[in-house]
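Have a look at the structure below before the remarks.
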Amino acid sequence: MTESIEQFFLSIFGGNVVLATILISIIPIIELKGAIPFSMSVDIWGANALSIWEAFAYAVLGTSLIIFLLALIYIPLIKWLKSTKFFKKLGEKLENLINRKKQVVEDEIAKEKSKKKILWLKIAGVFLFVANPIPFTGVWTGTCLAIALGLNYWTACATVVSGNIVAGLLILLLSHFFGGSTLILFYILLGIAVLIAIYMILKSIVKKQKQKKSLEDSCLKNDKKYK
């Protein structure tokens with residue numbers, strides 16, 4: 001299996017592990033957390049595998065590119081998606097996802113009245129969210145969350161970059177314990193991401209079924225009422 005994976009990536013990147021690291025770190029969910037152990041894997045890259053600090057530097061570079069771009073286009077992108085016929089539902093789902101996470105942060109600071117403290121609590125909330133090394137708490141969601149919370153462009157970018165660096169350092173620590181077998185860490189992180197994705201899908205299905213049942217029960221009660 002490892003040989004087939006190695007051949008697959010070598011056929012795409014031709015052994016250019018630096019380019020592979022930057023591009024893979026940009027991919028949602030995988031991001032820096034998967035790119036670091038992936039680029040350090042001797043099983044895939046052999047002698048071309050990056051050192052621990054090289055992997056960190058190029059992964060941070062890749063994720064930082066998307067942070068500055070996404071912070072700039074998030075609001076216009078959501079508005080455009082919602083205005084189209086084919087992508088309206090996608091835009092609404094993305095907005096609802098970010099708004100749910102936004103609500104969690106706002107609930108934590110609801111009792112605070114000082115505007116200065118509220119600003120710092122928002123920054124802390126975004127920072128801690130992105131600094132978490134678990135998949136689905138990366139720069140894509142974190143950047144959108146920062147903008148949705150009303151942080152200005154540079155504050156949002158600086159906060160997400162800082163949290164991303166901390167997440168990267170935590171992944172470096174994990175990678176150190178795995179030694180030359182960082183591909184295992186990559187698979188673990190990927191597996192966690194898949195499990196979270198499955199959970200979110202199942203949760204969404206259950207929620208829709210409950211809403212459907214609630215609507216049916218409501219219609220049934222109304223029918224009995226008028227009979």
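Read-outs throughout are calculated quantities, based only on the coordinates presented, and are distinct from any laboratory measurement. Keep in mind it's a predicted model, so treat the numbers as computed, not measured. In this analysis, Cβ positions are derived from the backbone assuming ideal geometry, glycine residues included, and neighbour counts consider all displayed protein chains.
Miscellaneous remarks
- One quarter of the convex hull surface built on the alpha carbon atoms of the chain amounts to 17.2 nm², the projected area averaged over directions.
- Karplus (6.51, -1.76, 1.60) ³J(HN,Hα), θ = phi - 60°, over the stretch 80-90, in Hz, Gly and Pro reported as x: 5, 4, 5, 8, 9, 6, 7, 10, 4, 5, 4
- Helical content alone sets the calculated 222 nm signal of the chain at -28000 deg cm²/dmol, taking -39,500 (n - 2.57) per DSSP H segment of four or more residues and averaging over every residue.
- For a paramagnetic label modelled on Phe136 (point 7 Å from Cα along Cα→Cβ), amide N atoms under 14 Å away belong, within the stretch 17-49, to 29-30.
- For Trp154 and Ile198, a Förster radius of 25 Å and the Cβ-Cβ distance give a FRET efficiency of 0.10, rounded to the nearest 0.05.
- Entries in Lys79/Lys102; Lys82/Lys115; Lys93/Lys210; Lys101/Lys203; Lys89/Lys203 that, when Cα-Cα distance is taken, lie over 20 Å: Lys82/Lys115
- Contact order normalised by residue count of the chain, Cα under 8 Å, 6+ apart, percent: 23
- Separation of the Trp53 and Ser114 label points, Cα + 7 Å toward Cβ, nm: 3.9
- In order along the stretch 65-73, the Karplus-derived 3J(HN,Hα) couplings, from 6.51 cos²θ - 1.76 cosθ + 1.60 at θ = phi - 60°, round to 4, 6, 4, 5, 6, 5, 4, 7, 10 Hz, and Gly and Pro are given as x.
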